[in-house]
Every structure is written in C-alpha cells, then in structure tokens.
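Structure record follows, encoded as structure tokens.
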Amino acid sequence: QVQLVESGGGSVQAGGSLRLSCAASGRTFSDYGMGWFRQAPGKEREFVSAISRLGANTNYADSVKGRFTISRDNAKNTVYLQMNSLKPEDTAVYYCAATNYGYASSGRRYDYWGQGTQVIVSS
C-alpha cells in the first residue's frame, strides 16, 4: 500500500502561483511513477501531469504546458506541482496518484490516490 497526502492548495487570484505537494508513505517511493489529476465541479477527472520514477521523464496536459512544472524528491518521498500563471479554469480538486506504469496519463493506470487538495482561482 502507498499512502498519499496532498497539501498546498488554496485560493489565489488569476495570474498567481501555488505549489502543491504530495507526501508518500508505505512502499518505496522511487518504485512508482507519480501523477497529478484534477476534477472541477460537474466535470470528469482529468490528467494534469506525470513524472517517471527517477524524474527523468515528464508529461503534461496541453492545458497546463508552460505554466505547470512537476518534480519529485525521492529522498523526501514527495512529488510537487508548481503552478504558475493560474487561470480560473484551473479551479479544481487536485489529486496525486502513484502508478507502476511509467508516467501514464490515464487515471486507470494508477493504483493509489490521495484525498485531494482544493485549488480556487478567482478572476
């Protein structure tokens, strides 16, 4: 089992920044690719970004490319999502997840999920 706990969400004005963190415990963190997903009210969950086990490879949704950066610190068992130039459409609950499938963009590839952290971006 892998336990994941997100933090760093909050309310910010458009154009602002937030940094989300996801702390993992349980199994060896570096055995897993990590991803961030989000779900806005009334919408389906969508992929945001993912990073491979050792951080060499990353993947981003087109909607966040150039604005968000995923990173990980395996010594701290933590994955981060730096979000810059935030837009109101980024408002959602953000979830981190762990996968055995590289840095997949499909949520079905992820076995472990956190509880989520709310991000609200006001215009």
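In nm, what is the difference between 0.36 nm times the number of residues separating ARG109 and THR69 and their Cα-Cα distance?
Roughly 12.3 nm would be gained on extension.
What are the equivalent ellipsoid semi-axes of region 1-61, built from the alpha-carbon gyration tensor (square roots of five times its eigenvalues), in whole angstrom, biggest first?
23, 14, 13
Excluding same-chain residues fewer than 8 positions from LYS87, which lysines have a Cα within less than 20 Å of its Cα?
LYS43, LYS65
What percentage of the solvent-accessible surface of the chain, computed with a 1.4 Å probe over protein heavy atoms, is contributed by carbon and sulfur atoms?
C and S atoms contribute 42 percent here.
May I ask you to evaluate 6.51 cos²θ - 1.76 cosθ + 1.60, the Karplus curve with θ = phi - 60°, for each residue of region 113-123 and list the ³J(HN,Hα) values in order in whole Hz, giving x for glycine and proline?
The phi angles translate into 9, x, 8, x, 9, 7, 10, 10, 10, 9, 8 Hz.
Considering the alpha-carbon set of region 1-122 alone, what are its Rg and its Dmax in angstrom?
13.1, 38
If you count the DSSP beta bridges with both ends in the chain, what percent of them are antiparallel, to the nearest 5?
Numbers: 39 of 43 bridges.
Counting only bridges with both partners in the chain, antiparallel ones make up about 90 percent.
Please identify which residues in region 106-123 have an amide N closer than 16 Å to a label point set 7 Å out from the Cα of ASN57, following the Cα→Cβ vector.
106-107, 109-110, by backbone N distance to the label point.
If the chain between SER122 and ASN84 were fully stretched, how many nm would it gain, using 0.36 nm times the residue separation less the Cα-Cα distance?
12.3 nm
The values are calculated or read from the model by the stated rules, or taken from the named source; none is laboratory data. None of the values given here were measured: they were computed from a predicted structure. Counting neighbours? That spans all protein chains shown, and the Cβs are built from the backbone with ideal geometry, glycine included. Accessible surface is based on the protein model in full, side chains and every heavy atom, while ligands, DNA and RNA are left aside. Shrake-Rupley method; radii C 1.70, N 1.55, O 1.52, S 1.80 Å.
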